[in-house]
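Worksheet: the structure to be examined is printed underneath.
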2 protein chains.
Amino acid sequence: MPDHTVTSFDVELKDIGRKVVEMGGQAERLVADSVTALIKRDIAIAQKVVSLDAGIDQVQREIEEKSVLVIAKRQPVASDLREIVAAIRIANDLERIGDLAKNVGKRVIAIEGEYHPQKLVRGVEHMSDLVLEQLKEVLDAYAARNERKALDVWGRDDAIDTMYTSLFRELLTYMMEDPRNISVCTHLLFCAKNIERMGDHATNIAEIVYYMVTGQTLPESRPKADASSDTTVAFPGKTVQG
Amino acid sequence: MPDHTVTSFDVELKDIGRKVVEMGGQAERLVADSVTALIKRDIAIAQKVVSLDAGIDQVQREIEEKSVLVIAKRQPVASDLREIVAAIRIANDLERIGDLAKNVGKRVIAIEGEYHPQKLVRGVEHMSDLVLEQLKEVLDAYAARNERKALDVWGRDDAIDTMYTSLFRELLTYMMEDPRNISVCTHLLFCAKNIERMGDHATNIAEIVYYMVTGQTLPESRPKADASSDTTVAFPGKTVQG
């Protein structure tokens, strides 16, 4: 940590905020790279993603430590306190996004050389485009302290969930059509789930930004369209019963 | 929040600690219930799990709020500060365990009436027994401020990961043998993954307890045996190639 001789509270706040934005950029790149690795089946990129995740974990710890020290030293209240707590929470969500990207990277390495169903991989790509956009927007909302923008992101997670549910069905159908696809499709299923969860974390961040700026919490339940936990696909032409 | 007229720092610390232990108990029950619902295919229990998760989320927010207020008011240092930061972090892990149990509950509801491969469900049960034991032990370690016990838990996650990887293989093989099993096995796969991740959170909590008590961090990487992200299963008798 740099040695501040004389430093104002504002400088410390800005410093924490800058670290969060920086960490957001790292997380974005990791997500983008993990998806590129998956689409291009690029093992080198996948390995890079797996190794770079540790850097994000490190920044999270730094943000948390710094924030706790500032709370203790400055005893902030109201919007200043919300600002610092928001930094801790957002860093937590970004760290989890990094973990999910790392897991996608590992799976890319696992399915090296296996059959690659282009159509389904495109489905994952399409979904991850949306997630990356959400992530970018919510980090902009954070940097600009813009609660409207945060609200927009919060309302849009729906689209990702719908896409995931449809991809889930498609992957299952694909496995049923040809059992040789099962192993690779299972990994794609987990990749898709990971990407959908990144979207959930972007939505979490939107809620945090909204609270940070306005002091108001968004309603408990937003429109939720991920029905995959409740989705089954019947084996074609058969009733699946125990 | 109750109105303390005169209160000592110790009372506040104990109060936060008690809330964490309480929350741990709630999380344990939710995990146990979600697994019971899965094994007995009990929709009523599954629905209860899905609805009770909100209570855990609420306690997490309370612990975080209270902790931040105490940091600001008391400016704790050294072991007192570690104690409070630990409460925030553990509450965070417990909240995620609750989410995972809820997701298992949702999947139990989804696969209602479908074929129920007893052998595989027993595999999930066996794994969840271990996870519940880990969770219980780590909460005891927290309550007793016992770093040795935390270290034991930390070293044992291995067994859960190994079990998960073998279950992953078994589920994939099962799907390949009979594509009618694909839908239900996919949900079981996600249930198993959820339970394995609960184990990861128990390990996280062990790290937090260790740090809280000793002020030392455990090494970055513990022996990790979950190889499922790197595992594929070849279709019997065929080479799976793109």
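Close Lys pairs in the stretch A:9-228 (alpha-carbon distance under 18 Å; sequence gap of 8 or more, or different chains): 15. By definition, a body whose alpha carbon gyration tensor gives a ≥ b ≥ c is prolate when a/c is 1.5 or more and a/b is larger than b/c, and the protein assembly as shown fits this prolate description. Could you state the angle between the C-alpha long axis of helix B:118-143 and the longest principal axis of the C-alpha atoms of chain B, as a value from 0 to 90 degrees rounded to the nearest 10? Orientation of helix B:118-143: about 10 degrees from the principal axis.
Evaluate E = 1/(1 + (r/R0)^6) for residue A:10 and residue A:217, where r is the Cβ-Cβ distance and R0 equals 25 Å; express this FRET efficiency to the nearest 0.05. Display every interim value, and only then the final one.
Values: r = 26 Å, r/R0 = 1.04.
In this case the efficiency is close to 0.45.
With label points defined 7 Å past Cα in the direction of Cβ, position residue A:113 shows copy-to-copy spacings of 4.4 nm, given to one decimal and shortest first.
Taking each residue of B:61-71 in turn, how many C-beta atoms of other protein chains fall within 10 Å of its C-beta, and what is the average? Spell out each step's value before the answer.
Working: counts 1, 0, 0, 3, 1, 0, 3, 9, 4, 2, 10.
Mean shielding by partner chains, rounded to a whole number: 3.
What the Cβ-Cβ distance of residue A:54 and residue B:112 gives, at R0 = 51 Å and to the nearest 0.05, is a FRET efficiency of 0.75. Summarised as an ellipsoid, the stretch B:9-230 has semi-axes of 35, 20, 12 Å, derived from the eigenvalues of the Cα gyration tensor scaled by 5 and square-rooted, with the largest first. So for the protein assembly as shown, taking the charge dipole from beta-carbon charges (+1 Lys/Arg, -1 Asp/Glu), which of A:85, A:71, A:181 sits furthest toward the positive end? Positive-most Cα among the choices belongs to A:181.
Highest average first, the peptides B:30-37, B:16-23 ordered by how many other beta carbon atoms sit within 10 Å of their residues are B:30-37, B:16-23.
The interface between chain A and chain B buries about 4400 Å² of solvent-accessible area in total (1.4 Å probe, ligands and nucleic acids excluded). Estimated from helical segments only, the mean residue ellipticity of the protein assembly as shown at 222 nm is -28000 deg cm²/dmol, where each DSSP H run of four or more residues counts as -39500 (n - 2.57). Across the stretch B:9-230, C-alpha contacts under 8 Å between residues 6 or more apart give a mean separation that, scaled by the residue count, equals a relative contact order of 26 percent.
May I ask you to compute the full-extension gain from residue B:42 to residue B:119, defined as 0.36 nm times their residue separation minus their alpha-carbon distance, rounded to one decimal in nm?
Net length gain for the segment: 26.0 nm.
Rounded to the nearest 10 square angstrom, residue B:163 shows an accessible area of 50 square angstrom against a 1.4 Å probe.
Farthest toward the positive end of the dipole of chain A, out of A:143, A:98, A:23, is the Cα of A:98, where the dipole comes from beta carbon charges about the Cα centre. Using a probe of 1.4 angstrom and keeping all protein chains present, the accessible surface of the protein assembly as shown works out to 42 square angstrom per residue.
Given R0 = 25 Å, the distance between the Cβ atoms of residue A:136 and residue A:18 translates into a calculated FRET efficiency of 0.90. Sorted from closest to farthest, the other copies place their residue B:73 label points 2.4 nm away, with each point set 7 Å from Cα along Cα→Cβ. Roughly to the nearest percent, how much of the accessible area of chain B is carbon and sulfur, given a 1.4 Å probe? The value for chain B is 50 percent carbon and sulfur by accessible area. Between copies, the label points of residue B:215, set 7 Å from Cα on the Cα→Cβ line, lie 3.9 nm apart, reported in increasing order to one decimal in nanometres.
The mean count of C-beta atoms from other chains within 10 Å of the C-beta of residues in A:181-193, rounded to a whole number, is 5. Across peptide B:161-174, the average count of Cβ atoms from other chains found within 10 Å of a residue's Cβ is 1. Residues whose amide H comes within less than 5 Å of that of residue B:112, counting only those at least five positions distant or on another chain, are absent (H built at 1.01 Å from N in the peptide plane).
The values are calculated or read from the model by the stated rules, or taken from the named source; none is laboratory data. No experiment lies behind these values; they were computed from the predicted model shown. When we count neighbours, we look across all protein chains shown, and the Cβ atoms used for this are built from the backbone with ideal geometry, even at glycine. Keep in mind that these areas ignore ligands, DNA and RNA; they rest on the heavy atoms of the full protein, side chains included. Shrake-Rupley method; radii C 1.70, N 1.55, O 1.52, S 1.80 Å.
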